Structure formats: C-alpha cells, structure tokens
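> Okay, here's the structure, questions in a sec.
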Amino acid sequence: MVIKPKVSTYISLSMVLLILIAGLIFILRDFAYKGSFGLWFYLIACSIITLVILMLLVKMMAGYRFITAGRDQIIVKLPLRGYTKVYPIAQIIAWDEEIITANKRQFKQLTIAFTDQQSISVSNHEHEAYVDLVDYLSKKAGKQKVKNKKA
C-alpha cells in the first residue's frame with residue numbers, strides 16, 4: 001500500500017498560497033503607484049504576508065512524501081530531496097497513534113520512530129490510506145506500539 005498526500009489538501013493549500021501572493025502583489029502595486037498608506041503599513045504587511053507564504057511553502061514541501069508499507073518493510077520517499085530510505089519492520093522502535101476530537105471531527109496522527117533516530121508522521125486528513133497503515137503496523141509491529149499514556 002502507498003500512503004501519499006491527498007490531492008485535495010494540496011489544491012486547498014495552493015489556492016491559499018495564490019490568494020496570499022495576489023495580496024502581496026496588490027500591496028506592493030499600491031505602494032508603487034498610489035502610496036495610500038504609511039510606509040510602516042507596507043513594511044509590516046509585506047513582511048507578514050511573505051513570512052506566511054514561506055511557512056506555507058515549507059509545510060507543503062516537507063509534507064510531500066510517499067510512504068510504501070508492505071513485504072515487512074516501510075519505504076519512505078521524499079521526491080523533492082531525491083531521498084529514499086527502506087526500513088525493515090525490525091527497525092521500528094515505537095509507533096503511536098494520537099487521536100484528537102475537535103468540532104465533532106476526529107484528527108488522527110500516526111508517528112513512527114526508527115532505530116536511526118528518524119521518525120515520520122502521517123495524518124488522516126493529509127494522507128490517503130492512513131487506516132491501512134495503522135492496520136499494517138498493528139499486525140506487523142504490534143509490540144512496538146506505545147501503550148496507554150497517562151496525562
């Protein structure tokens with residue numbers, strides 16, 4: 001099974017990114033031609049919008065990965081970095097599923113830690129085949145699941 005980013009998530013994030021870029025262009029154009037506001041407004045607004053754009057781009061690029069689970073191994077592919085790593089099931093130190101209910105919706109995040117100090121996180125709202133990965137880990141690496149945590 002292949003766990004990949006949901007297309008709808010990236011479409012939504014891209015739309016937000018385009019709106020932010022359009023807003024930045026509008027503010028810079030207004031500064032260049034009209035100067036309707038004071039200089040401080042333009043400096044602060046452009047800085048904040050640019051920072052949000054950069055954070056959103058980093059989130060999109062960092063989350064763009066494909067995870068393949070099967071044949072007693074987990075393969076992590078980061079296409080933007082040209083990185084591929086194969087982890088046998090025996091290299092899983094621990095894995096945990098965190099479930100949070102908010103606004104009558106469940107948000108689930110699965111974190112898997114490996115022996116080489118690396119870890120991956122997958123969420124049910126951003127990745128396809130999330131449930132299949134949880135089932136696979138329950139069958140193949142059930143002993144490494146973190147037991148009940150006390151708050």
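Derivation of every value follows stated rules applied to the coordinates shown; laboratory data play no part. Computed from a prediction, not measured in an experiment: that's the story for all the values here. Positions of Cβ are backbone-derived with ideal geometry, glycine not excepted, and every protein chain shown enters the neighbour counts.
> Longest exposed-loop-site-free stretch of the chain, with trypsin sites (Lys or Arg not before Pro), DSSP loop and at most 16 other Cβ within 10 Å? Spell out each step's value before the answer.
Working: sites that count: Lys6, Lys34, Arg71, Arg81, Lys104, Lys147, Lys149, Lys150.
After excluding every exposed loop site, the longest remaining stretch is 105-146.
> Using the membrane-span-like helix rule (whole DSSP H runs, Cα extent along the own axis of at least 30 Å, mean Kyte-Doolittle hydropathy at least -1.0), which helices of the chain qualify? The partial results should precede the final answer.
Working: long enough: 7-33 (38 Å, 1.88); 39-63 (36 Å, 2.23).
Correct list, ordered by number: 7-33, 39-63.
> With +1 assigned to the C-beta of every Lys and Arg and -1 to the C-beta of every Asp and Glu, and no other charges, what is the dipole magnitude of the chain about the Cα centre in debye, to the nearest 20?
On the way: 20 positive and 10 negative charges, 57 e Å.
With Lys and Arg at +1 and Asp and Glu at -1, about 280 debye.
> If you keep only loop residues by DSSP, which chymotrypsin sites (Phe, Trp or Tyr not before Pro) in the stretch 1-108 have at most 13 other Cβ atoms within 10 Å of their Cβ? Present the calculation step by step, with values, prior to reporting the outcome.
Values: sites: Tyr10, Phe26, Phe31, Tyr33, Phe37, Trp40, Phe41, Tyr42, Tyr64, Phe66, Tyr83, Trp95, Phe107; in loops: Phe37, Tyr64.
Listed in order of number, the matching sites are Phe37.
> Still on this structure: Residues of the stretch 90-126 with amide nitrogen under 12 Å from the 7 Å Cα-to-Cβ point of Met60?
Under 12 Å, as judged by backbone N against the label point of Met60, lies no residue of the stretch 90-126.
> Pick out, from Phe41, Gln144, Leu20, the residue whose Cα sits farthest towards the positive end of the charge dipole of the chain, with +1 on the Cβ of Lys and Arg and -1 on the Cβ of Asp and Glu.
Positive-most Cα among the choices belongs to Gln144.
> I need the shape label for the stretch 75-123. Rule: rounded when a/c is under 1.5, else prolate if a/b > b/c, else oblate, with a, b, c from the alpha carbon gyration tensor. Mind dumping the intermediate values first?
Working: a/c = 3.71, a/b = 1.70, b/c = 2.18.
Oblate is the answer for the stretch 75-123, as a/c is 1.5 or above yet b/c matches or exceeds a/b.
> List the pairs from Lys6/Lys104; Lys6/Lys143; Lys4/Lys143; Lys108/Lys143; Lys77/Lys143; Lys6/Lys85 whose alpha-carbon separation is above 23 Å, in the order I gave them. The partial results should precede the final answer.
Working: Lys6/Lys104 21 Å; Lys6/Lys143 29 Å; Lys4/Lys143 25 Å; Lys108/Lys143 20 Å; Lys77/Lys143 25 Å; Lys6/Lys85 21 Å.
Over 23 Å Cα-Cα: Lys6/Lys143; Lys4/Lys143; Lys77/Lys143.
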